[in-house]
1. Read through the list (1) closer than 17 Å to Ile211 by Cα; (2) in a strand (DSSP E or B), then give the number of the only condition that Gln89 fails.
2. Just to be sure I understand, how many residues within the range 104-140 are part of a loop (DSSP other than H, G, I, E, B) and under 30 Å from Ala226 (Cα atoms)?
3. Of the numbered conditions (1) under 20 Å from the mean Cα position of the chain (by Cα); (2) surrounded by fewer than 19 Cβ atoms within 10 Å (Cβ to Cβ); (3) small (Gly, Ala, Ser), Gly67 satisfies every one except a single condition; which is it?
4. If you scan the range 11-39, which residues turn out to be more than 14 Å from the chain's Cα centre (by Cα), touching a residue at least 60 places away in the same chain (Cβ under 8 Å) and open to solvent by 50 Å² or more (accessible area, probe 1.4 Å)?
5. Answer yes or no: is there a residue in the range 161-172 that is open to solvent by 80 Å² or more (accessible area, probe 1.4 Å), within 27 Å of Asn18 (Cα to Cα) and not β-branched (Val, Ile, Thr).
6. So which residues in the range 72-86 are among the β-branched types (Val, Ile, Thr) and assigned to a strand (DSSP E or B), if there are any at all?
7. Taking Ile43 as meeting all but one of (1) modelled with pLDDT of 95 or more; (2) over 21 Å from Lys92 (Cα atoms); (3) in a loop (DSSP other than H, G, I, E, B), write down the number of the exception.
8. For the range 177-222, which positions are surrounded by 15 or more Cβ atoms within 10 Å (Cβ to Cβ), among the polar types (S, T, N, Q) and part of a loop (DSSP other than H, G, I, E, B)?
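The values are calculated or read from the model by the stated rules, or taken from the named source; none is laboratory data. Values in this document were obtained by computation on a predicted structure and should not be read as measured data. All Cβ positions, glycine included, derive from the backbone under ideal geometry; neighbour counts span all protein chains shown. For accessibility, only protein heavy atoms count, side chains too; no ligands or nucleic acids. Shrake-Rupley method; radii C 1.70, N 1.55, O 1.52, S 1.80 Å.
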Amino acid sequence: MFTIKDILYEDNHLIIVNKHVGDLVQSDPDGTEAIEDQIKAMIKIRDHKPGAVFLGVAHRIDRPVSGAVIFAKTSKALARLNEMIRNKQVKKTDGAITEERPAEEEGSLHHWIARNAKTNRSHAYQKPKGDAKEALLDYRVLGASTNYTLVEVDLKTGRHHQIRAQLSAIGCSIKGDLKYGAKRSNPNGGISLHSRSMTFIHPVRKEQVTIEAPVPTDDNLWLFFAQSQAGL
């Protein structure tokens with residue numbers, strides 16, 4: 001559930017929040033309330049808005065994932081953000097806790113990803129296949145606990161479930177991600193993937209914005225890595 005303390009950045013054009021595991025970014029057809037609705041309600045009350053509140057969803061992260069999400073408070077900002085994301089001008093870094101350690105400490109993953117809409121699952125292929133889309137990411141190992149490994153991920157493309165599918169394809173399923181091969185679920189029903197940071201040029205002010213999203217405070221493993229690694 002979104003609260004004011006989850007706001008990482010806000011001005012007249014943008015609001016960036018730290019999403020909790022299980023929260024929807026945007027309302028789905030079944031009518032489940034999403035962060036989008038909660039932020040609109042907050043702005044309406046806080047700013048005494050007499051009419052409808054505009055809020056544009058610039059990008060989404062999966063429901064079981066936590067971390068930074070950008071919303072636009074004006075149509076101008078939304079249009080420019082959408083263009084920036086299409087042109088890969090928003091640098092986004094994710095943290096993933098995996099069940100296995102990658103064979104190499106750092107590297108690039110190159111697959112072709114095809115989405116199955118019926119199962120809401122993607123498959124990462126080693127070679128082009130049908131309508132599968134090229135997927136690229138860079139990763140590096142930041143540290144490890146007794147049973148798990150912390151991996152930093154720099155996305156180069158934005159495919160459906162890309163990080164989840166590509167890490168699974170190299171035998172490194174994300175902790176809690178049963179859909180992509182994890183051995184067991186997380187207690188909160190989420191997966192250990194966190195949208196950690198974003199850097200971009202403000203779409204209106206033209207100044208660099210860098211946002212860091214704190215890891216979930218109710219997860220002892222995330223807290224362990226946050227305390228032991230300078231990167232989180």
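1. With (1) closer than 17 Å to Ile211 by Cα; (2) in a strand (DSSP E or B) applied to Gln89, the lone miss is (2).
2. Pass one, the range 104-140, residues part of a loop (DSSP other than H, G, I, E, B): 104-105, 117-120, 126-132.
Keeping just the survivors that are under 30 Å from Ala226 (Cα atoms) gives 104-105.
Total meeting the criteria: 2.
3. Every condition holds for Gly67 apart from (2).
4. Residue satisfying the conditions is Asn12 alone.
5. Here is the first cut: in the range 161-172, the residues open to solvent by 80 Å² or more (accessible area, probe 1.4 Å) are none.
The answer is no, given that none of the residues of the range 161-172 is open to solvent by 80 Å² or more (accessible area, probe 1.4 Å), within 27 Å of Asn18 (Cα to Cα) and not β-branched (Val, Ile, Thr).
6. We begin by selecting, within the range 72-86, every residue among the β-branched types (Val, Ile, Thr); these are 74, 85.
Of everything in the range 72-86, nothing turns out to be among the β-branched types (Val, Ile, Thr) and assigned to a strand (DSSP E or B).
7. Of the numbered conditions (1) modelled with pLDDT of 95 or more; (2) over 21 Å from Lys92 (Cα atoms); (3) in a loop (DSSP other than H, G, I, E, B), the odd one out for Ile43 is (3).
8. Residues satisfying the conditions are Asn186, Asn188, Ser192.
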